[in-house]
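Presented below is the structure to which this report refers.
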Amino acid sequence: MSDALNPYGGDLGNLDAREALRDTPTAIVRIVDGLGPDGLRRSLAPGKWSAAQILVHLAQVETMFQARLRLGLATPGIALQPFDQDDFMRTGGSDDGRAALEAYVGLRRFALPLIERLTAAELATPMRHADFGDISVGWLLAWCAGHERRHLKQLEALA
């Protein structure tokens with residue numbers, strides 16, 4: 001794996017990235033089911049994203065994660081395009097948390113066979129990121145897993 005600092009490493013902790021990528025969507029679904037429609041409108045503080053907006057964000061990030069994963073595997077050494085989450089949120093067009101949750105979970109279910117079968121050599125496939133420098137497919141998995149664990153904690157706090 002890369003030596004690049006993973007900003008979500010603390011959120012992932014000692015969990016295996018693949019296990020977290022497999023299990024976190026189920027945990028998020030369980031929390032959202034308990035929140036109900038009113039709970040989806042709640043946020044942790046004024047000016048913070050609502051639960052529904054967190055779900056929109058997760059669906060948006062999942063599309064980028066999978067594109068980066070597949071591009072990285074297909075084109076070793078590729079330079080990945082960074083994006084700003086707030087700019088992405090402005091393109092959302094919807095705060096439909098349920099639709100976003102379905103997209104996020106469905107996309108992940110689509111990617112899991114690929115994620116599960118990655119070999120050590122594939123996990124080491126290099127990529128370049130403008131903010132993080134030289135990274136690998138394995139680093140990207142840990143980044144995504146930690147990122148969604150952070151949002152899982154936020155959703156748990158809203159439950």
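Values in this text are rule-based calculations from the coordinates and carry no lab data. Because the structure is predicted, anything quoted here is derived from the model rather than measured. Positions of Cβ are generated from backbone atoms using ideal geometry, with glycine treated the same way; all protein chains shown enter the neighbour counts.
Sort the stretch 94-159 into rounded, prolate or oblate with this rule: let a ≥ b ≥ c be the square roots of the eigenvalues of the Cα gyration tensor; rounded if a/c is under 1.5, and if a/c is not under 1.5, prolate when a/b is larger than b/c, oblate otherwise.
prolate
Assuming R0 = 30 Å, what is the FRET efficiency of Ala74 and Asp131, from their Cβ-Cβ distance, to the nearest 0.05? Don't skip to the answer; put the middle values down first.
On the way: r = 22 Å, r/R0 = 0.72.
Using R0 = 30 Å, I get an efficiency of 0.85.
With viscosity set to 1.002 mPa s at 20 °C, what whole-number translational diffusion coefficient in µm²/s follows for the stretch 1-102 from Stokes-Einstein and a Kirkwood radius over Cα pairs?
The calculation lands on 138 µm²/s.
So who's got an amide H within less than 5 Å of the one on Ile135, skipping anything under 5 residues away but keeping other chains? H placed 1.01 Å off N, in plane.
Result for Ile135 returns Met127, Arg128, His129.
Can you classify the stretch 58-133 as rounded, prolate or oblate using the Cα gyration tensor, where a ≥ b ≥ c are the square roots of its eigenvalues, rounded means a/c under 1.5, and otherwise it's prolate if a/b beats b/c and oblate if not?
oblate
Convert each backbone phi in the stretch 63-78 into a coupling constant with the Karplus relation 6.51 cos²θ - 1.76 cosθ + 1.60 (shift: θ = phi - 60°), then list the ³J(HN,Hα) values in order as whole Hz, x for Gly and Pro.
Working through the residues one at a time gives 5, 5, 4, 5, 4, 5, 4, 5, 5, x, 5, 7, 9, x, x, 4 Hz.
When the chain is modelled as a GNM with alpha-carbon springs shorter than 10 Å, which of Ala121, Ala67, Ala103 fluctuates the most?
Ala121
Relative to the longest principal axis of the C-alpha atoms of the chain, give the angle of the C-alpha long axis of helix 17-40, reported between 0 and 90° and rounded to the nearest 10°.
The answer is roughly 20 degrees.
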